[in-house]
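Working notes, structure below.
The values are calculated or read from the model by the stated rules, or taken from the named source; none is laboratory data. In this text, all values refer to a predicted model and were calculated from it rather than measured experimentally. Note that we place each Cβ from the backbone using ideal geometry, even for glycine, and neighbour counts take in every protein chain shown. When the accessible area is computed, the model is the full protein with side chains, heavy atoms only, and any ligands, DNA or RNA have been set aside. Shrake-Rupley method; radii C 1.70, N 1.55, O 1.52, S 1.80 Å.
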Amino acid sequence: MPTPDLEPLSAPIELQFDYTRSVGPVIGRFLGALARRRIVGVRGSDGRVHVPPVEYDPDTADPLDEFVEVGRSGQVVTWSWVADPVDGNPLTEPFAFALIRLDGADTAMLHAVKVDGPAQMSTGMRVRAVWAETTTASIGDIVHFTPEGGADGGHGEEAAADPEPLAGEALTAFLDQDPLQILVTPFEMTVQHSASVEESSYLRAIAEGRVVGQRCPETGKVYVPPRGASPTHGVPTSEEVEVSDTGTVTTFCIVNVPFIGQKIKPPYVGAYILLDGADIPLLHLVLGCDPAEVRMGMRVRAVWKPREEWIPSTGNIEHFEPSGEPDAPYESYAEHL
Amino acid sequence: MTSTTSAARPAALTPETVTDDDVAVVAFCQSPSVRHSYSTTNGTEMLVPIFQQLYKDLGITRRDIGFWCSGSSDYMSGRAFSFISSVDAIGAVPPIDESHVEMDGAWAMYEAYVKLKTGETDTAVAYGFGKSSAGDLRRTLALQTDPYVVAPLWPDSLALAGMQARLGLDAGLWDETAMAEVAARSRRDAVGNPAAQFSGFRGPDGTVTDDVTAEQLLTQPMLADPLRRHDIAPVTDGAAAIVLASGRRAFELCDNPAWITGFDHIIDSAELGGRDLTTAPSAARAGERATGGDIAGITVAELHAPFTHQELILRSALGLDGSADAIAINPSGGPLTGNPMFAAGLQRIGNAARTVIDGGAERALGHATSGPLLQQNLVCVLDGRR
C-alpha cells in the first residue's frame, strides 16, 4: 500500500482481564500440591511420569490418574537465554528459560533459572526449585529454579533435604485434601491500534468541528465515518464529502439496564442517526427530551462539547438533541434502516 | 485433527479428463512484507490491492467467487471478531458465503478446498493477514501455549525456539553453521523476490550486498542464545490470497493450474516437555500422506520455518534432506525474509503453486505450520500438467 500523505492516527489499546478456568482433577491436584510445596506428576500409559501432569496420555489418549510425587530438583534438558524479559516472565532481570527434568520425572517442565549470565548455564546442570513466600496454587508458586549448591535466598527449607516423598494412600489423601478448582490467570497486552487513512481524515476533521465522509466510487454512497474500502464493493473510497451535523433518527433503543462504567443515568436513548448528506447512520446518543418522545424520523442536531475540549474523536459531539423540525418522511430514510 | 486425502499422483489432467473433484490453485498474490504497515489491524488496506490484482489477473470480478475463507487472529489486533472488518475488502453486497479460521491462511485454504470438494461451488478465495507490528509479537505468541502451567510464565517465542535449537545443537543434529547457511541461502534467494522484507547482508557500515555467507552471519552477536538475529524470522505485516478452482473452471481461469494432489494437516501433543522437539512427527506424517511417500518429481519446496533450525527439522521430517541439489528449498526467500503472521503459511503454498503455474516446476510442495515449535503442520502437494 502506498505511503499516505499524513500518517494515520494511532493509539495504544491496553487490554487487561482475568482468564478464569476450571482446571479439572489432574491439573487441579498438581496446582493444589504446589501450593503446599510438593510437585507431582502422573504416570502415562507407557509408564513415563509426566511433570507437569497431563490429563490424557499423549499417545493413547487414555485418561491418566496415577499420581507420583517427584523431586524438587532436577536436570536442565535444554535452555535459552532471555536477554530481554517480557512482562509476566518469572524474573525481570535477564534469565534462562529451561526445560527441567525433575528427579523421578520422564518429561521436562518449563521454568525459569536464575543465574547471572548464559555462561553459568549448561545442559545437564542440576537445579532446584525456589518456592514463593506465599503460594497461590499456580505455576508461579515456584518462583524460579536455582543452580544446586547455589546460595539463593528463596523462602522455606530449600537448603534442607527434600521431605520424604508421599506415595500410595498417603499421596492420594494429600492430593484429595485441597485440589485447585478454578485458576485465575491475569492477562494484559498492549496493541497499537491504527485508524485507517480514511478514518484518520474523519477524526482530524471532527477535531476541527467538521464531519466528513467519503464516497464509494461504485455506488456514490457516502460513508461516515469513511472506511478503508467500500463495504459493498471492496474498493477504496477517496472523494471526501463534508456532511451536516443535523440528521434523522432511523432507529433507536432505550437503555434501561445499568452496567459497569455507565456514564448516563438510565433511561436514555442510543440511536442510529442518518446525518444529512450521509448514506450510513452513525450510532450516538439522543438526549434533551423524554426518551418516550424519541421516534423514527425524528430530526436531531449535534450538541458539541466546548471547543477547547475537542480531540480527534466522535465524542466531540456530546450527544444529539431534537432540532424541532418536522419529522422526516419514512421514504427519506427507508433505504438506510 | 487429521484428514485424509488421496495421495496417488494422478494422470495428467486436460479439460476433457478433469472432474469436479479436481481442485487447483489458479492464482496467488501477496502484499509486500514490511516491518510496519499503515494498514489497520483489519488487514483491509493490505487485502484490497491483492484482491484487485487477482481479479485483474484472472479477468473476473468478486461475484465470480463462490466462497471466501480467511485466516487471522484477534490476538494480533487486540479485540474480538476483528476479522469481520476484513470482509470490507471483499464487498459483501449482495451477501457472500464466507468463513474464518483463527489460524494461518493455509488452513483457510484447506477449508476452501473441502468446500470445493463438496461441489457447492467451483471457485474460492482463501486469504490470510496479520499486522504483527501492532503488538509485542514474541510475547503475544506465548499465549498459544498451554494456559495452565506454561502460558502463565509468558515464555516468549524466541526463548521456546532457542531451547529447541539447543536440543539439536547438543545432540549434534545440526550446528550453528548449518543454521546460518539456511539464513544465508534465504537472504540470497530473497534478492529475486520483490515482496521480501529484506535480502542480502547489511554490513556494520549499513551497506547492503546481495551476496551473503554463513561466515558473515556468524560474526553477529547472540540475540537469544543460542539464536542470532538471522536465525529468527522478522516481525512482518502482510497478507496473501489464493484463488482455488475445480474442474473445468480451473482451465477457464488458468492455462496451467497447480492441481492439489495431496493435502493434509496433523498436530502433535501440546506437552512441550513430553515430545522430542528435535523432530516434527506431525510434519512427517502429513508429508507422508500428502505425497503418498513419493517425493519424486518435486523440484520446489516452500517450508514455513520461522527459525533456521526448524527448516532443518522440516527437511528431515519431509525427506528432503540430501536432495538440496534437486529440490529448491524456499526459492522465494521463505519466512526468514518475511513472516506475516497468519499469512506466511499460505504464502508458502502460493509461492510453490506459482512455480507450477509459471511452468518452472512440474511438482511442488508447500508447507505451513501453526502453534509453538512446529506443533501442527500442513503439507500441500501441487502438480502441473505433464
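Annotations
- Where strands (runs of 3 or more DSSP E) fall entirely within region A:273-335, those with at least 3 residues that are closer than 25 Å to A:E240 by Cβ and open to solvent by 30 Å² or more (accessible area, probe 1.4 Å) are at A:299-304.
- Members of region B:71-88 that are within 13 Å of chain A (Cβ to nearest Cβ) and either without any contact (Cβ under 8 Å) to a residue 60 or more places away in the chain or closer than 21 Å to A:E198 by Cα (or both): B:D74, B:S77, B:G78, B:R79, B:A80, B:S82, B:I84, B:S85, B:S86, B:V87, B:D88
- Of the strands (runs of 3 or more DSSP E) entirely within region A:63-158, those holding at least 2 residues that are more than 13 Å from every other protein chain (Cβ to nearest Cβ) occupy A:67-70, A:126-131, A:142-147.
- Residue tally, condition crowded, with 23+ Cβ neighbours inside 10 Å, in a loop (DSSP other than H, G, I, E, B) and either free of Cβ contacts under 8 Å to residues at least 12 places away in the same chain or under 17 Å from the mean Cα position of the chain (by Cα) (or both), over region B:198-239: 1
- Applying the set (1) farther than 14 Å from B:P331 by Cα; (2) in contact (Cβ under 8 Å) with a residue 24 or more places away in the chain; (3) not aliphatic (A, V, I, L, M) to B:D170 leaves exactly one unmet item: (2).
- Test for A:P52: is it within 8 Å of another protein chain (Cβ to nearest Cβ), part of a loop (DSSP other than H, G, I, E, B), crowded, with 23+ Cβ neighbours inside 10 Å and under 30 Å from the mean Cα position of the chain (by Cα): yes
- Residues located in region A:174-217, provided they are closer than 30 Å to A:E66 by Cα, outside any loop (DSSP other than H, G, I, E, B) and open to solvent by 60 Å² or more (accessible area, probe 1.4 Å): A:D176, A:Q177, A:I182, A:V184
- Hits in region A:221-236 (condition: in contact (Cβ under 8 Å) with a residue 12 or more places away in the chain, part of a loop (DSSP other than H, G, I, E, B) and either open to solvent by less than 10 Å² (accessible area, probe 1.4 Å) or among the hydrophobic types (A, V, I, L, M, F, W, C) (or both)): A:V224, A:P226, A:S230, A:V235
- Being in a strand (DSSP E or B) and either under 25 Å from A:S196 (Cβ atoms) or outside the structural domain of B:T261 (by the TED database) (or both) holds for only one residue in B:G128, B:G91, and it is B:G128.
- Boolean, A:P58 is open to solvent by 30 Å² or more (accessible area, probe 1.4 Å), at pLDDT below 95 and not assigned by the TED database to the domain that holds A:T237: yes
- The residues of region B:144-182 that are under 21 Å from A:V113 (Cα atoms), in a helix (DSSP H, G or I) and among the aliphatic types (A, V, I, L, M), listed by number, are B:A151, B:L153, B:L158, B:A159, B:L160, B:A161, B:M163, B:A165, B:L167, B:L169.
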